[in-house]
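The structure appears right after this line, and notes come after that.
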Amino acid sequence: MNGLARRVAVVTGATGLIGAAIAERFGVEGAAVAVASRERPKAEAWIATRPTAEQSRYVPLELDVADAASIRTAFREMDKRGMTPSILIANALCREALATPFEQLTHETFQGLTRTDVAGHLICAREMAARMRPDEGGSIVFLSSIYAIAGADETIYPAGMASSSVQYASAKAAMLGVTRWLAAHWGQRAIRVNAVIAGGVRSPARQSDEFVRNYARKTMLGRIA
């Protein structure tokens with residue numbers, strides 16, 4: 001424990017299913033965590049759920065990753081707080097952009113996810129790197145997906161449940177290219193850039209028991225994460 005004491009981490013989409021677990025873990029490890037969300041009240045409400053003794057480790061940060069001005073404002077707010085992050089977890093997802101079916105996609109609706117997941121997180125990474133000392137080093141982690149490297153098996157999705165979208169697969173694949181480029185670009189500065197290729201994660205609000213069973217049968221461990 002406390003392996004990240006005195007480090008500052010920014011977690012985008014930090015109140016969501018995966019983001020909240022990441023933010024919590026960073027706090028347990030002793031890091032100061034910027035809990036980034038498009039809506040500051042959501043970040044504040046999540047922090048309020050933490051044990052009282054731990055709440056000081058977390059700072060709410062209003063950050064819309066799809067808006068360059070919002071990104072600049074968020075990092076300037078951190079500057080004013082004396083927080084210089086050396087860890088970025090690029091986890092936010094524009095879920096609204098997943099809703100358009102393949103047959104109805106337009107240039108605008110396709111680009112919605114890319115604007116957030118790829119371009120927005122790239123700008124966040126650049127803002128963080130610009131603030132780091134040349135000898136400091138740091139870590140950037142992009143949240144990609146198994147669908148970046150494998151096609152979706154549409155047979156596991158029950159009737160009425162849409163399969164993973166092409167815009168999702170495209171954006172998550174693009175993040176792998178960004179990861180490799182930045183890793184080469186910043187390697188000499190000891191800034192590590194990696195991507196987590198995540199598989200399915202249990203989300204009761206969006207998944208039926210039938211889907212969970214179907215997905216579990218396709219994994220080595222026989223279960224969804």
Please build a GNM for the chain, connecting alpha carbons under 10 Å apart, and tell me which residue among A205, A31, A74 fluctuates the most.
A205
Pull out the extension gain between R131 and K80, defined as 0.36 nm times the separation in residues minus the alpha carbon to alpha carbon distance; nm, one decimal.
17.1 nm
Against the longest alpha carbon principal axis of the chain, how many degrees, from 0 to 90 and to the nearest 10, is the axis of helix 17-28 turned?
30 degrees
Where the accessible area of the chain is counted over protein heavy atoms with a 1.4 Å probe, how much of it, in %, is carbon and sulfur?
54 percent
Could you tell me how many degrees, from 0 to 90 and to the nearest 10, lie between the Cα long axis of helix 68-80 and the main elongation axis, the longest principal axis, of the Cα atoms of the chain?
40 degrees
Rounding to the nearest 10 and keeping the result within 0 to 90°, find how far the Cα-based axis of helix 166-186 lies from the longest principal axis of the chain.
30 degrees
With the range 1-110 reduced to its Cα atoms and the Debye formula applied, log10 I(q)/I(0) at q = 0.11, 0.16, 0.23 1/Å amounts to -0.37, -0.70, -1.25
Accessible area expressed per residue, the chain, with surrounding protein chains retained (probe 1.4 Å, Å²):
53 Å²
Might you work out the accessible area of R57 for me, using a 1.4 Å probe with all protein chains in place, and round it to the nearest 10 Å²?
80 Å²
Students often forget the sequence filter, so: which lysines lie under 24 Å Cα-Cα from K80 once same-chain residues fewer than 8 apart are removed?
K42
What value, in deg cm²/dmol to 500, does the helix sum -39500 (n - 2.57) over DSSP H runs of n ≥ 4 give at 222 nm once divided by the residues of the chain?
-11000 deg cm²/dmol
Put R40, R6 in order of accessible area, largest first, probe 1.4 Å, and you get R6, R40
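The values are calculated or read from the model by the stated rules, or taken from the named source; none is laboratory data. A quick note: this is a predicted structure, and the numbers were derived from the prediction, not measured. The accessibility values were calculated without ligands, DNA or RNA, using every heavy atom of the protein model including side chains. Shrake-Rupley method; radii C 1.70, N 1.55, O 1.52, S 1.80 Å.
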